[in-house]
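Reading through the structure tokens given below for one structure.
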Amino acid sequence: MAVKTELHIEITPDGEVKVTVKGASGGACLELTKALENELGVVVERQMTSAFYETEANVGETVHVGEPGADDGES
């Protein structure tokens, strides 16, 4: 039986994009979000869930992308 993989994409009122991956294991999360990250801009924060480090299919990742220097104190 195939595992369902989901990408949840949220765009906040200030333009920040949050991508959450569910149903992918290990580095597969990174591969699934790679194209979006390349198109949307610089990743300003990456939060791996504890499930990312498991080998089961129940894993997730949240990625925040935006303009370089927007929230990291750089200009």
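Read the figures in this text as sums done on the coordinates, not as results from a lab. The shown structure was predicted, so the numbers you read here are calculated from the model rather than taken from an experiment.
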TODO: Could you go through segment 16-23 in sequence order and give the Karplus-derived ³J(HN,Hα) for each residue, using 6.51 cos²θ - 1.76 cosθ + 1.60 with θ = phi - 60°, rounded to whole Hz, and x for Gly and Pro?
DONE: 6, 10, 10, 10, 10, 9, 10, x
Task: ³J(HN,Hα), Karplus 6.51/-1.76/1.60, whole Hz, each residue of segment 25-38, x for Gly, Pro - done: 9, x, x, 4, 4, 5, 5, 5, 9, 4, 5, 4, 4, 5
